[in-house]
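Contents: one structure, followed by commentary.
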Amino acid sequence: MTTGTVDNPQANADNGHLLDQFREDVLHVQSTLTGMPVFWVRRESLVDILAHLKQVPAPFSMLYDLSAVDERLRSHRDGLPASDFTVFYHLLSVERNEDLMLKVALDESDLRVPTVTGVFANASWYEREVWDLFGIHVEGHPHLARILMPPTWEGHPLRKDYPARATEFDPYTLTVEGQGEEQEAMRFEPEAWGMQRERDGAEFMFLNLGPNHPSAHGAFRIVLQLDGEEVVDCVPDIGYHHRGAEKMAERQSWHSFIPYTDRIDYTGGVMNNLPYVLAVEKLAGIEVPDRVKTIRVMMAEMFRITSHLLFLGTYLQDLGAMSPVFYTFSDRQRGYEVIEGITGFRMHPAWYRIGGVAQDLPRGWEKLVQGFLDWMPPRLREYEKAMMENALVRERTRHVAAFNTAEALEWGVTGPNLRATGCNFDLRKQRPYSGYEHFDFEVPLAQNGDVFDRGQLRIDEMRQSLRIIQQCVDHMPTGDYKADHPLTTPPPRERMLQHIETLITHFLQVSWGPVLKPQESLQMVEATKGINSYYLTSDGNTMSYRTRIRTPSFPHLQQIPAVMRGGFVPDLIAHLGSIDFVMADVDR
């Protein structure tokens, strides 16, 4: 066993003893900027180690993320075990408020890992993604099939030898025969999913909900196995919205990838920029001024409110209430007027920068923001009186599609959907970032984990966001809107005109982009729909070698069958509305 220095000494000290009985199976301890210990382990012991970590006191009860890296073109791997492909397992412990990562090194001639679905139920979709995008076989997986790419797709897109641009492919053509093959590939075969076609002589109905259905909230398909109105089982089918964001990151400079992050959770705006720029700043060693931190918090919370307003209107629309969506959209418009007044854009400002923000706050911003802060509180109370206290809404949502904290952690549920079960875990409090430790706010909780609680909780969260924004208005620090660092945003124009070295640096940054030292970093944030994170690998280049985007909506949809078996179709529609997902956040 070889060891290295981990950047979080406390985590290393606390967690190192957890693998004492597997000392011979730990090949290396990697030093990173991820904020957690990273252990390379033997493939043969992987399942046993994960099972052990899930059972220890204060267990690592959530498989937060699982993905892979094609290491074949990576130049800087000093001291790391030989590996053509690496599969990593990111574990999270709510009890410990700590993370831990396991890595398995694979040779190109032997690309296989054992399934860990017997330990963590939510590993299923992640393992299918590893097979789909990297071609790594997962032995023992209950249904190893493509998940983001079509069933007929050839190749594995996140391999380094797979093209990153459409211009590198032949022109796309689709013949009548080819169209038939594609349609046939989409045919649902119940037996392949362990389903029966009939019971006691009566046939089940198999119904496609989506991929074009208003209650599916995007290009999302669920195949339902129905006995009358009862949902016997269901199979979520994703990938219709996949755009290859992680692949795009391999060909964009560190700066130029920022606009792509806006399109992940496209209702979250700059909230998507935040984990990415924070992770890059870790790699670059940039510390931003307090004014930057506060501006980022203010705008992120503005987008939390606009996202939750969109959720609230469509959530109630799914329950049959037609009026609320018009009210929430009118208030959302008021929010976008503030966002546009500050950033110049509405839904996708791409406004955060590495080391700061695009420009300073405009004159009169305080009055603009304060007007919104004065408007919203009575509106939220009106929403509660007219909607959440409505007898029909309560009848449709109370004790419907409920799950507890243990089930939420098993499926990787985070954010409001986790806190609706009573679990007090909010990264803004547990692991403050961007100055959140300086703000006075509460973390709303519920107890039942049902459709009603998930709706009410987001109203309560909007109140706390307003509270945070008010503190930003009252206590906005003075100073610059970007760090004085050569790898950050362009320097002031007057300095470029006076200093040739500054002008040269600016030219290189704009034309090539900054060069970051080889290292790995990770940043998690409490985004609008749950925990969102960027895990970045730099190979000493002007762009990322590997960008892993972990989104909250992906595991939330995987949980649907476990919640809905034995429920009814109207309850499924209510549950879909209460999850708060967008398909770009699922498919990336």
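The values are calculated or read from the model by the stated rules, or taken from the named source; none is laboratory data. This structure is a prediction, so every number in the text was calculated from the model and none was measured. All Cβ positions, glycine included, derive from the backbone under ideal geometry; neighbour counts span all protein chains shown.
List, please: which pairs have Cβ atoms under 7 Å, are six or more places apart or on different chains, and start with a residue in the stretch 268-297 that is not assigned by TED's automatic domain parsing to the domain that holds L522 and end with one that is of a type outside the set (K, R)?
Within 7 Å, no pair qualifies.
Do we find that R394 is in contact with a Phe, Trp or Tyr (Cβ under 6 Å, 6 or more places away or on another chain), at pLDDT below 90 and not β-branched (V, I, T) in this structure?
When the stated conditions are applied, R394 does not pass them.
Here are some residues: R363, R353. Which one is in the same structural domain as R454 (by TED's automatic domain parsing) and in contact with a helix residue (DSSP H, G or I) (Cβ under 8 Å, 6 or more places away or on another chain)? Before you say what the answer is, go through the steps one by one.
Numbers: R363 fails: in contact with a helix residue (DSSP H, G or I) (Cβ under 8 Å, 6 or more places away or on another chain).
Unique residue meeting the criteria: R353.
On the given criteria, is Q196 touching an Asp or Glu at 6+ places or on another chain (Cβ under 8 Å), among the polar types (S, T, N, Q) and not assigned by TED's automatic domain parsing to the domain that holds A358? Walk me through it before giving the result.
Working: touching an Asp or Glu at 6+ places or on another chain (Cβ under 8 Å): no; among the polar types (S, T, N, Q): yes; not assigned by TED's automatic domain parsing to the domain that holds A358: yes.
Answer is no for this residue.
Looking at V56, V87, V41, which one is at pLDDT 95 or above, of a type in the set (V, I, T) and not assigned by TED's automatic domain parsing to the domain that holds A284?
Details: V56 fails: at pLDDT 95 or above; V41 fails: at pLDDT 95 or above.
The match here is V87.
Given the criteria within 26 Å of the chain's Cα centre (by Cα), within 30 Å of W375 (Cβ to Cβ) and either in the same structural domain as D318 (by TED's automatic domain parsing) or modelled with pLDDT under 90 (or both), does Q464 qualify?
yes
What are the residues in the stretch 459-486 that are surrounded by fewer than 19 Cβ atoms within 10 Å (Cβ to Cβ) and under 30 Å from L508 (Cβ atoms), if any?
Scanning the stretch 459-486 gives G479, D480, Y481, D484, H485, P486.
Are any of the residues in the stretch 487-509 in contact (Cβ under 8 Å) with a residue 12 or more places away in the chain, surrounded by fewer than 22 Cβ atoms within 10 Å (Cβ to Cβ) and not in a loop (DSSP other than H, G, I, E, B)?
Checking the stretch 487-509: at least one residue is in contact (Cβ under 8 Å) with a residue 12 or more places away in the chain, surrounded by fewer than 22 Cβ atoms within 10 Å (Cβ to Cβ) and not in a loop (DSSP other than H, G, I, E, B).
Do you know which residues across the stretch 168-203 are among the basic types (K, R), surrounded by 10 or more Cβ atoms within 10 Å (Cβ to Cβ) and assigned to a loop (DSSP other than H, G, I, E, B)?
The answer is R197, and nothing else.
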